[in-house]
1. Every residue in the range 183-234 that is small (G, A, S) and over 29 Å from F69 (Cα atoms), please.
2. Is it true that some residue in the range 384-405 is of a type in the set (V, I, T) and touching a strand residue (DSSP E or B) at 6+ places or on another chain (Cβ under 6 Å)?
3. From the residues in the range 620-653 that are of a type in the set (S, T, Y) and touching a strand residue (DSSP E or B) at 6+ places or on another chain (Cβ under 9 Å), which one is modelled with the highest pLDDT?
4. Just checking, which of A428, A490 is under 22 Å from V684 (Cα atoms) and modelled with pLDDT under 80?
5. Check off (1) free of Cβ contacts under 8 Å to residues at least 24 places away in the same chain; (2) surrounded by 23 or more Cβ atoms within 10 Å (Cβ to Cβ) for T320 and give me the number that stays unchecked.
6. Being modelled with pLDDT under 95, surrounded by 22 or more Cβ atoms within 10 Å (Cβ to Cβ), touching a strand residue (DSSP E or B) at 6+ places or on another chain (Cβ under 7 Å) and under 21 Å from L174 (Cβ atoms) is the requirement here; does A79 meet it?
7. Tell me, which residue of the range 103-125 that is part of a loop (DSSP other than H, G, I, E, B) and out of contact with any Phe, Trp or Tyr (no Cβ under 7 Å at 6 or more places or on another chain) is farthest from A89 (Cα to Cα)?
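The values are calculated or read from the model by the stated rules, or taken from the named source; none is laboratory data. Note that this is a predicted model, so its numbers are computed, not measured. FYI the Cβ positions are ideal-geometry reconstructions off the backbone, even for glycines, and counts take in every protein chain you see.
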Amino acid sequence: MTHSTPNLKRSSLFTAIALGSALLMSPYSNAAGLLKPSNAGYEELKIKEHHVDVVIEDMYATTTVEQVFHNPNANDLEAIYSFPVPDKAAVGEFSYWIDGQPVTGEVVEKQRARQIYEQEKQKGNETAIVEKDQYKTFDISVFPVKANQEVKIKLVYLQNTQTDTGIGRYVYPLEDGGVDEQKLSFWDRNETVNEKFSFDVKLRTSYPVDGLRMPKHPNASFQQLNAYEWQASLINSANIHNQQQLDIEQAEMSEQTETESTVTNSKSAVMTLDKDILLYWRHAENLPASVDMLAYKEVNSSKGTYKLTLTPGNDLPVMTQGRDWVFVLDISGSMHGKFSSLIEGIRSGLTQLNPNDRFKIILFNNQAQSFTQGYLPADQQTIKDTLQRLDQVQPNSGTNLYAGLKTGINQLDADRSTAVVLVTDGVANVGTTEKSKFLDLLEQHDARLFTFIMGNSANRPLLEEMTRVSNGFALQISNSDDISGQLQIAKGKMAHASMRDIQIEIDGVRSKELVKPRLANTLYHGQQMTLFGHYYKPGKAEVKLTGTINGEKKTYKTSFNLPDVATDNPELERLWAYAAIEELQAEMDYLGSDKDAEQAIVDTAVEYGLVTDYTSMIVVRDEVFKAINIERSNLKRVEKEQTARENRAQQTITAQQNRVDTQQPMFVDQSQDQANQSQVRPSVSSTRSGSGGGAVSPWLVIFIAVVITLVQMRRFKR
């Protein structure tokens, strides 16, 4: 058999790309997928189809996931699908197809939902349940998946979205954090989609966007539909790789039969659910600081719900004095698959320090150690030498988070401003683990905690509350993130003064049950603030924000109108309920268990149809719902939300259509002669390469991978 020279070159190139990409991939991965007991003797269930549809509009995202499972065995089985809990996700809709028709679930108390599921399962009846395993995973159980047949399910969840320094970020989490040792030891996981996979996002925003990116999915396609709408679709990278491999095989085996070629091509549909899908969008520069509002109130309803989004201006001054930086790094075993991302982030952070800054590094697993033996000067040679030593560290053992944090904040210099940068997945399992102990420790020291939360199954409730107590900020980090872009955003916050001691007041109407984020005591450069509330009378309202910047008190205020009727966004009710539940849960975590607070969470979750730590969503046949006296209230809410989404999709978006402070700008530029001149909101400069924070070009990554691989191939030949 003969081979042409171009085919040989192409084969070598594709092989180099494949091997080079493997060098860059994490060696350790747990992913979303179907679970099977490790010692089970049957063939694992299959994920035939996985389709994701995301709509980001009015600063919240609606994610719809449809899946089809197949049972290749000769007996009926239960399907258990597990996936990481998305950040701030409110699961409010779950449907299971029975007799070819979707049946929508209802929310009940968690123990009762499990009891109903087991009873129906014992009877051999169709049933399904969605349960939340604390901050770690959502688990969907479906019974039965009949022998050699398939079932279909749909899950819908809502998330509030915000931009940070003009950058929006959406994550579809697929990488399990690898922190639940009990689950990992008991379950095997099938994370492969065998036939059809799709991922589509529609971004609808009344503020102009100048670019979208998926940093770890360079084959994604983007389309601008009009001035205020974008479409992003993920082309399965496995398809492209398999097609390239198919081309090579066909070139090398020209006598292959048409049937064999068809069989090989059918493999190209395989997709593995082992990598987060992350989308960035970047707003245009020089947009005005603003207040945007959404409201929902039905006709003749006595209560409405509103959402305010405050986007401050660029008036936080730059800090020029030298600072101390304490990096507290998690090197426990659960960080194994995330450590390369951690090192890359630290590398970007250290190289951007000022020459008069100092830094030290604390490492912790079962115990804590001072890696740098005190502070080091932030000169380039010292940083280079430190990073070379840090590259040799191998994560292992448990997570003594308390020891690491305590070592990091001990012996701070009172004469210098200090920032403590904590990088961890936050699953404390060695030494002190009580949440109250961490909060007490931070309250005793005057140091801001900047937390980088690694992975999807991190203990976000603990880490975010620690951050709030120290008046710091937290950033969620995925292995699919633009690490340098995230560090650029973080650097802006660390380099600017913050607005502290924030107070929010709403006056002028009967507005109650205002819920603000837990981290709202301090506002940093580029951050937005979102507030949810109820109102009982339409009309004019005034919002006032007060805080201090470098000891000077600042006041910002404007007015807006709450409508008598507004029916476009019924999802606001669930988003308010989720924020209220999150506030109750945080108070219990801090003050201890409270039966009244737990009951309040259950009551709110049942009323608004939300899956929580104390409630689950159950699906049974309609006649069973009736027999066990479960009202179909969530079904009615789902139908209302579906109709509203369809109506919104037909509406034309106009510029700044939700802004309510145009007549009286809340954030005023005092340097302007004209009255009521809005400040400009902070943004990442568009002169940086690529949108979304300026990560290294994916083509450069491939080029580097190819070069490394070719060098290794030459060494192998020698």
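1. Across the range 183-234, the qualifying residues are S206, G211, A227.
2. To start, the set of residues in the range 384-405 that are of a type in the set (V, I, T) comprises 386, 393, 399.
This time we only want the ones that are touching a strand residue (DSSP E or B) at 6+ places or on another chain (Cβ under 6 Å), so: none.
Taking every residue of the range 384-405 in turn, none turns out to be of a type in the set (V, I, T) and touching a strand residue (DSSP E or B) at 6+ places or on another chain (Cβ under 6 Å).
3. S633
4. Numbers: A428 fails: under 22 Å from V684 (Cα atoms).
It is A490.
5. Going through the list (1) free of Cβ contacts under 8 Å to residues at least 24 places away in the same chain; (2) surrounded by 23 or more Cβ atoms within 10 Å (Cβ to Cβ), T320 breaks only (2).
6. For A79, the condition - modelled with pLDDT under 95, surrounded by 22 or more Cβ atoms within 10 Å (Cβ to Cβ), touching a strand residue (DSSP E or B) at 6+ places or on another chain (Cβ under 7 Å) and under 21 Å from L174 (Cβ atoms) - is met.
7. Filtering the range 103-125 for residues that are part of a loop (DSSP other than H, G, I, E, B) and out of contact with any Phe, Trp or Tyr (no Cβ under 7 Å at 6 or more places or on another chain), the one farthest from A89 (Cα to Cα) comes out as G124.
Condition check ((1) closer than 30 Å to Q599 by Cβ; (2) among the small types (G, A, S); (3) in contact with a helix residue (DSSP H, G or I) (Cβ under 8 Å, 6 or more places away or on another chain)) across all residues:
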| site | (1), (2), (3) |
| --- | --- |
| V624 | yes, no, yes |
| I630 | yes, no, no |
| R637 | yes, no, yes |
| T643 | no, no, no |
| A649 | no, yes, no |
| T652 | no, no, no |
| Q656 | no, no, no |
